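To start, the structure itself, in C-alpha cells.
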Amino acid sequence: MINIQKYSYHTHNNSQGLFDGKSSAEEMIAQAEALGFEEIGVSNHLCVHPNVPLNTSKMFFDNPQKAIDIYKKMYNELDEVASRHKIKVFKGFEVDFFPSATWRSWFEAIIKELDYDYLIGASHFICAADESFLCNIYHLNRLPADTDSDRMQEYLRGYWKNVQGAVESGYFNFIAHFDYCTQFDLCTTPEWDEIKQNVIDAFSSHKQPFEINTGGIERIGRPFPDWNMAEKLVRRGVPVVISCDSHHTSQIGRYFVEVENFLANIGCKYRFKLQK
Ligand SMILES: [Zn+2]
Ligand SMILES: [Zn+2]
C-alpha cells in the first residue's frame, strides 16, 4: 500500500461571485475535511496587470488597490470558514507572473497588504514581448483577426518567458501546470523542445518545486506537466506536490492515486509540503 497525499494547495472557490470556482469556500473546506485531508490550501487567482483584458473575466484587475480590497475580503471570509472547521486551512494565491518592472512593483505592493501563507506561480497568458498585449489562453478565439503566425510565435514565446521568469523569480512556493498551453495544442511540435528543456534546467538549478496537476488527466488524459517532463524533474531531485486544481467539491483529490503510483515507480524522494 502506498501513501496518498492528503492535502492539496491548489483549489479555487467562487468568493464574492468574482472567482472561477463553482463551489463556495465553505463547501470546498467541508469536502476536504470529509475526505480525511490533513490540510487544504485555497489559491484563487491573483491576476493584476495594466493590460489585462478586463472584459474576459471578473477576476482580472488593472488596478492594484481594487484587487487588494477584493483579496482582503476573500481572506476574511476564509478565516471565518476555517474557524468553524478542524482541518488546517492555508491561504494562498495562484499568481499570474509577468517579468516587467511594473508588474513586479504592483505584485509586491499587493502581497505586502495580505496575510497569505503561500504563493503558486503560474502562466495562463500568451503575451507580447513588451506586455503591451495579453490574451488568456482560454480566450484565444478573441485574438485579433490579423494575428499572423510570426506574431503568434512571439506571443507563445511570451508564455514560456513568463514560466521561466516565475521559476527564476524566487517569489513562489511552487509552480503550477507549467506546460498548460499544450492543453490547447500549442507548442506541442519539436521546435518547442529547446524552450521546454531550458525551463526544466531552470527548475533544476533553482530547486524550484513544481506541481503535477491532475486536472489535465481529466481533460486530456495526462497531467500538467506531461509524464515525461514530470519524470525528468523528479529524477533531478526537484521537489514535487500533487495538485487537483479543484474548481468544484467533486474534484478534490482527483487522480491522486494514479500520480502516487507513477511517483512510486520512478522512486520519487522529494515532496513539497508547507512547513507552518
Ligand atoms: Zn491555473
Ligand atoms: Zn488553478
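All of the numbers you see were taken from the coordinates with simple rules; none came from a lab. Nothing here was measured: the structure is a model prediction, and the numbers come from that model. Note: ideal-geometry Cβ built from the backbone for every residue, glycine included; neighbour counts use all protein chains shown.
Some notes on this structure:
- The condition (being of a type in the set (Val, Ile, Thr), in contact (Cβ under 8 Å) with a residue 40 or more places away in the chain and surrounded by 14 or more Cβ atoms within 10 Å (Cβ to Cβ)) is satisfied by just one residue among Val238, Val259, Val234, Val199: Val259.
- Scan of the range 39-56 for residues that are buried (at least 18 other Cβ atoms within 10 Å of the Cβ) and within 16 Å of ligand 1 (Cβ to nearest atom), ordered by number: Gly41, Val42, Ser43, Asn44, His45, Leu46, Cys47, Val48, His49, Val52
- Of all residues in the range 238-256, exactly one satisfies the criterion of being part of a helix (DSSP H, G or I) and either basic (Lys, Arg) or within 16 Å of ligand 1 (Cβ to nearest atom) (or both), namely Gln251.
- Strands (runs of 3 or more DSSP E) wholly inside the range 1-111 that include at least 3 residues being touching a residue at least 40 places away in the same chain (Cβ under 8 Å) and within 12 Å of Ile252 (Cβ to Cβ): 39-42
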